[in-house]
Amino acid sequence: MLQILLSFSILIFATSLINFVTIRIPKRDEEVKKAVTVLVPMRNEAENVPEFISALSAQMGAKNLQFIVINDGSTDRTAELLTTVIGNDKRFTVIDSPAQRDGWLGKVSALQSGYEAASSEYIIMLDADVRLEPNAIMRAITQLERVKLDFVSPYPRQIALTFSEKLIQPLLHWSWMSTIVLRLAEKYPRRSTAVANGQFFVVRKSALDAIGGFESVSAKILDDIELARSLISAGYKGVVTEGSGIASTRMYASFDEIRQGYGKSLWKAFGGPLGTLIAISFIFITGILPVILIFNGYLSGWFIYLYIAFSREMSAIRSRSNPLYAFLHPLSSALLIYLIYYSWRKRGTIQWKGRLV
């Protein structure tokens with residue numbers, strides 16, 4: 001059994017190493033001549049509006065660029081600030097999302113409204129808490145064109161300032177970097193290996209048209225991954241890329257926000273009770289069991305722990321997070337298991353931005 005666990009940890013390390021070396025990084029500055037539309041759903045995002053709009057306004061290298069901001073029933077100063085900050089910039093259009101479609105989640109319904117108003121070759125979905133570098137859109141579109149894919153999802157740097165953030169947020173990047181060989185998933189796309197992040201998602205509009213925009217994910221909490229799966233099922237190809245050099249975001253600013261944020265989605269993340277049990281087993285085996293083995297005098301426990309910790313190190317280096325927290329992986333694992341439990345216990349009762357999810 002210990003030999004199996006050791007082999008498993010080596011496989012995780014090897015997968016991380018392959019991705020560390022081969023992951024696609026958007027880094028070419030080439031002028032984008034085709035039309036690009038950026039869709040931004042906003043609901044009570046007043047605190048993000050000034051910095052976010054300023055970053056969009058500073059985008060360079062894309063001459064035919066349109067920003068569609070969908071005000072999704074905000075009750076704070078979002079609409080007022082949008083008018084003030086945008087000013088006379090004709091690239092921006094602000095629309096009010098109509099009443100939430102029956103059976104649709106609010107954010108996805110807003111995205112559909114933006115999609116229906118767009119008429120460009122490329123569509124980009126952005127979250128309002130993402131901060132783009134001035135060349136972000138140019139590099140993302142250039143990468144999509146050069147690798148001849150239908151969608152890419154440049155994974156933003158996840159900024160973490162509090163202790164709980166530093167324990168949890170790096171696991172997002174590591175979860176796919178350690179389990180999926182991205183170049184294989186790109187060449188031989190399957191629904192089961194789809195990875196995407198709705199914080200920054202770039203897609204050819206022709207591919208999005210083929211699946212009816214966001215209709216296939218109308219009621220999906222994890223709309224980003226499900227959108228990638230829908231595109232793959234329709235015969236399109238895409239992949240997650242390393243976007244930490246062109247985009248960053250701070251998803252949550254406290255443990256309470258982490259608990260609410262993950263609480264609304266983790267119970268849906270693994271496909272049901274069986275998938276959740278498998279996920280918890282994976283987290284326990286790779287994070288907590290090595291410590292138990294070490295405390296019981298098993299030398300192999302150290303090897304398992306180090307293989308996993310160094311796989312975390314590679315993920316941290318690529319994602320530009322603090323590499324020292326890789327060695328606290330057992331603590332991160334315990335906290336993640338708690339969040340999965342919390343999500344299941346609170347499923348269907350958590351409110352996010354004033355809506356039940």
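Restricting to the range 245-260, and then to whatever is part of a loop (DSSP other than H, G, I, E, B) and either of a type in the set (A, V, I, L, M, F, W, C) or more than 14 Å from the chain's Cα centre (by Cα) (or both), can you tell me which residue is farthest from F151 (Cα to Cα)? Show your work before the answer.
If we filter the range 245-260 for residues that are part of a loop (DSSP other than H, G, I, E, B), which is where we start, we get 245-246, 250-254.
Now drop any that are not either of a type in the set (A, V, I, L, M, F, W, C) or more than 14 Å from the chain's Cα centre (by Cα) (or both), which leaves 245-246, 251, 253-254.
Numbers: G245: 19, I246: 17, M251: 23, A253: 30, S254: 32 Å.
Per the stated criteria, the residue is S254.
Return the only residue of I292, I304, I283 being open to solvent by less than 60 Å² (accessible area, probe 1.4 Å), farther than 14 Å from L167 by Cα, of a type in the set (V, I, T) and modelled with pLDDT of 95 or more. Quick ask: steps written out before the conclusion?
Details: I292 fails: open to solvent by less than 60 Å² (accessible area, probe 1.4 Å); I283 fails: farther than 14 Å from L167 by Cα.
Testing whether each residue is open to solvent by less than 60 Å² (accessible area, probe 1.4 Å), farther than 14 Å from L167 by Cα, of a type in the set (V, I, T) and modelled with pLDDT of 95 or more leaves just I304.
How many residues does the range 115-128 hold that are of a type outside the set (D, E) and more than 20 Å from the chain's Cα centre (by Cα)?
Let us first name the residues in the range 115-128 that are of a type outside the set (D, E), namely 115, 117-120, 122-126, 128.
Retained after the next criterion (residues that are more than 20 Å from the chain's Cα centre (by Cα)): 117-120.
Adding up the residues that qualify gives 4.
Condition check ((1) closer than 18 Å to Y115 by Cβ; (2) part of a loop (DSSP other than H, G, I, E, B); (3) of a type in the set (S, T, N, Q)) across all residues:
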{"position": "L171", "(1), (2), (3)": "no, no, no"}
{"position": "W176", "(1), (2), (3)": "no, no, no"}
{"position": "T179", "(1), (2), (3)": "no, yes, yes"}
{"position": "E186", "(1), (2), (3)": "no, no, no"}
{"position": "A196", "(1), (2), (3)": "yes, yes, no"}
{"position": "D209", "(1), (2), (3)": "yes, no, no"}
{"position": "G212", "(1), (2), (3)": "yes, yes, no"}
{"position": "L227", "(1), (2), (3)": "yes, no, no"}
{"position": "L231", "(1), (2), (3)": "yes, no, no"}
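For L39, state whether it is farther than 30 Å from F282 by Cα, assigned to a strand (DSSP E or B) and open to solvent by less than 20 Å² (accessible area, probe 1.4 Å).
Numbers: farther than 30 Å from F282 by Cα: yes; assigned to a strand (DSSP E or B): yes; open to solvent by less than 20 Å² (accessible area, probe 1.4 Å): yes.
Yes, satisfied.
I'd like to know if the range 53-76 contains one or more residues that are of a type in the set (D, E, K, R) and modelled with pLDDT of 95 or more. No; the residues of the range 53-76 include none that is of a type in the set (D, E, K, R) and modelled with pLDDT of 95 or more.
Take the conditions open to solvent by 60 Å² or more (accessible area, probe 1.4 Å) and at pLDDT below 95 and apply them to Y252. Does it pass?
no
Is it true that G263 is open to solvent by less than 10 Å² (accessible area, probe 1.4 Å) and farther than 30 Å from Y188 by Cβ? Answer is yes for this residue.
The residues of the range 299-342 that are touching a strand residue (DSSP E or B) at 6+ places or on another chain (Cβ under 8 Å) and not hydroxyl-bearing (S, T, Y), listed by number, are R318, R320. Report whether or not I317 is assigned to a helix (DSSP H, G or I), within 22 Å of the chain's Cα centre (by Cα) and surrounded by fewer than 16 Cβ atoms within 10 Å (Cβ to Cβ). Yes: the conditions hold for I317. Residue pairs whose Cβ atoms lie under 9 Å apart, sitting 6 or more positions apart in sequence or on different chains, and linking a residue in the range 334-357 that is under 12 Å from I258 (Cα atoms) and of a type in the set (S, T, Y) to a partner that is part of a loop (DSSP other than H, G, I, E, B) and modelled with pLDDT under 95, are S343/K264; S343/S265; S343/I350.
When only residues in the range 166-175 that are in contact with a strand residue (DSSP E or B) (Cβ under 9 Å, 6 or more places away or on another chain) and buried (at least 22 other Cβ atoms within 10 Å of the Cβ) count, which is nearest to F200 (Cα to Cα)? Don't jump to the end; show me each part of the working.
The initial filter retains those residues of the range 166-175 that are in contact with a strand residue (DSSP E or B) (Cβ under 9 Å, 6 or more places away or on another chain), namely 169-170, 172-173.
The next check asks that each one be buried (at least 22 other Cβ atoms within 10 Å of the Cβ); those that pass are 169-170, 173.
Values: Q169: 16, P170: 17, H173: 14 Å.
Looking at residues that are in contact with a strand residue (DSSP E or B) (Cβ under 9 Å, 6 or more places away or on another chain) and buried (at least 22 other Cβ atoms within 10 Å of the Cβ), I get H173.
Give the residue that is farthest from V38 (Cα to Cα), with candidates limited to residues of the range 129-165 that are under 13 Å from the mean Cα position of the chain (by Cα) and open to solvent by less than 10 Å² (accessible area, probe 1.4 Å). Here the residue is P156.
Table: residues versus (1) without any contact (Cβ under 8 Å) to a residue 24 or more places away in the chain; (2) out of contact with any Ser or Thr (no Cβ under 7 Å at 6 or more places or on another chain); (3) farther than 17 Å from Y342 by Cα.
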| residue | (1), (2), (3) |
| --- | --- |
| R190 | no, yes, yes |
| Q199 | no, no, yes |
| V203 | no, yes, yes |
| S218 | no, yes, yes |
| S230 | yes, no, yes |
| E257 | yes, yes, no |
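If we scan the range 229-244, do we find a residue that is within 14 Å of the chain's Cα centre (by Cα), at pLDDT below 95 and buried (at least 21 other Cβ atoms within 10 Å of the Cβ)? So far as the range 229-244 goes, no, none of its residues is within 14 Å of the chain's Cα centre (by Cα), at pLDDT below 95 and buried (at least 21 other Cβ atoms within 10 Å of the Cβ). The sole residue among T93, T22, T83 that is farther than 19 Å from E116 by Cα, over 20 Å from the mean Cα position of the chain (by Cα) and among the hydroxyl-bearing types (S, T, Y) is T83.
The values are calculated or read from the model by the stated rules, or taken from the named source; none is laboratory data. Values in this document were obtained by computation on a predicted structure and should not be read as measured data. Note that each Cβ is placed from the backbone with ideal geometry, even for glycine, and that neighbours are counted across all protein chains shown. Note: accessible area is taken over every heavy atom of the protein model, side chains too, but ligands, DNA and RNA are not part of it. Shrake-Rupley method; radii C 1.70, N 1.55, O 1.52, S 1.80 Å.
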